[in-house]
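Here is the structure we will look at, set down as structure tokens.
The values are calculated or read from the model by the stated rules, or taken from the named source; none is laboratory data. Model, not experiment: these values are computed from the prediction. As a convention, Cβ positions derive from the backbone with ideal geometry for all residues, glycine included, and neighbour counts pool all protein chains shown.
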Amino acid sequence: MMLRDDDPPARQVDKLTRITGALIDRIDRLEESRGSAWSMFQAAVALEQEVAARTRDLERALDDLSQRNRELAVARASAEEANRSKTRFLRAASHDLLQPLSAARLFLSALADTDLDPNQRELADRLGGAFESVEQLMHAVLDISRLDSQRIEFNRQPVPLGELFRRLAAEFAPSAHAKGLRLTFVPTTAVVDSDPVFLRRIAQNLVSNAIKYTHRGGVAVGARRRDGLCWLWVVDTGLGIPAVDRNRIFDEFQRLTHDTATPGMGLGLSIVRRACAKLGHPIALSSEAMRGTVFRVGLPQVCALPEGRARPPAAALPALRGRVALVVENDLEMRRGYEIMLQNRLGMVPRLAGGTAEALATMGEEPPDVILADYQLENGDTGFAAIEALRARSPRPIPALMITAHRDAAIARHCAAADVHLLEKPVRPPELAEILTRLLA
């Protein structure tokens, strides 16, 4: 809009008024725009400051978290090292702890074979019960220590259940007989895949528990194939387990009753659960109050034993009387215990040696019928070295039995590879007699 000189004054005033209004409107809009931009600028600055503050807070939190993670890593490493140290200590101490206990068992067994008056017989029985409790506690501590270790190593191999049942029968027959219970092991040819040491501990704890909590009737052990597994089952006619207690009994130091006449520390089923979980063996339980309990453990089946592992039935084996047993044991008390048991109870002819060199000198020209060797001897000598040296000098194969307190998968594998039977300490005389009878077939 432009002013013209020939416009009337009124018209010029009107035009100027409208131009002035338009300019004022434009200026107002410019001011509003400038105000909005300034506000946005101020908001951006404030937001940037807030982001910077929050970034600093986050960096401090991350630094703090990193420090905590470092502290946790150090604490975890310390805990793992402490656990490894505990395991190493228990493994190293187990030999020294179980050695005198094994000797005491052998001497007590020899004492029980002599003529005792009723008072002496009672004392011998009570001593046997006390040794049994100490042995169970030591085995439980060692088992839990190994099963809690993150680096536990298993020696899985084909395990014939019939042979396991025979060893369990020899071990538990006296305690079942003392309570007036029938103990039955159903014959089986089943072969399963498991760690033989831990499978035996699982079965031992289940059978031991069944005998403890059964006061009349009996306990039966067998195997059934079902659902692609071979189920090891232990049935008793005991007290039964109430439904509310069926999870609790697998925890440490949990017992069904507080009856002090029933021995035990409440660790057996905890070991069973731990071992089954580590080995991948499912475990099942069914029970009825005052009618009894059935425990079942699912085991992978193996078609057959590797060649050379089969064992003939015990009834077809010859007697031990007159057979020569060469014992390689560095502990004097253990040597004397073996000598008394082998000679007086089994009618064998024991030869005693403290290490490999002495064993070779003792063997002479005529090799023994069987070798019994302790794993840990003196000055780095081992039972493996003794067995290998004796077999190398013999013109015929010699069956051998390795006796050890070390529960090491490497020892078990070495025994299996060398065709050496493995027996854990403390030595139970009935079980030793059963194994010797089978080895001398």
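Does residue 279 satisfy the condition of being in contact with a Ser or Thr (Cβ under 8 Å, 6 or more places away or on another chain) and either at pLDDT below 75 or farther than 26 Å from residue 425 by Cβ (or both)?
No; evaluated as a whole, the condition is false for this residue.
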Quiz item: Within segment 202-233, which residues are touching a Phe, Trp or Tyr at 6+ places or on another chain (Cβ under 9 Å), outside any helix (DSSP H, G or I) and either crowded, with 21+ Cβ neighbours inside 10 Å or of a type in the set (Gly, Ala, Ser) (or both)?
Solution: 219, 220, 221, 222, 223, 232
Exercise. State which residue pairs qualify: first residue of a type in the set (S, T, N, Q) and inside segment 181-207, second residue modelled with pLDDT under 90 and assigned to a loop (DSSP other than H, G, I, E, B) in any location, beta carbons under 9 Å apart, and separation of 6 or more residues or different chains.
Key: 194/154; 194/156; 205/267
Practice problem: Quick one: in segment 363-376, of everything that is closer than 17 Å to residue 400 by Cα, of a type in the set (Asp, Glu) and part of a loop (DSSP other than H, G, I, E, B), which residue is modelled with the highest pLDDT? | Solution: 369
Quiz item: Can you tell which of 102, 94, 66 is part of a helix (DSSP H, G or I), modelled with pLDDT of 80 or more and hydroxyl-bearing (Ser, Thr, Tyr)?
Solution: 66
Quiz item: Would segment 157-176 turn up any residue that is of a type in the set (S, T, N, Q), under 23 Å from the mean Cα position of the chain (by Cα) and either more than 14 Å from residue 293 (Cβ to Cβ) or buried (at least 18 other Cβ atoms within 10 Å of the Cβ) (or both)?
Solution: yes
Quiz item: Listed residues 388, 431, 365; which is charged (D, E, K, R) and more than 30 Å from residue 158 (Cβ to Cβ)?
Solution: 365
Exercise. Give just the number: which of (1) touching a helix residue (DSSP H, G or I) at 6+ places or on another chain (Cβ under 7 Å); (2) at pLDDT below 85; (3) part of a helix (DSSP H, G or I); (4) not acidic (Asp, Glu) does residue 334 not satisfy?
Key: (2)
Quiz item: Among the listed residues 342, 360, 352, which satisfies the condition of being outside any strand (DSSP E or B), farther than 17 Å from residue 322 by Cβ and in contact (Cβ under 8 Å) with a residue 12 or more places away in the chain?
Solution: 360
Quiz item: Looking at this structure, is residue 53 modelled with pLDDT of 70 or more, assigned to a helix (DSSP H, G or I) and hydrophobic (A, V, I, L, M, F, W, C)?
Solution: yes
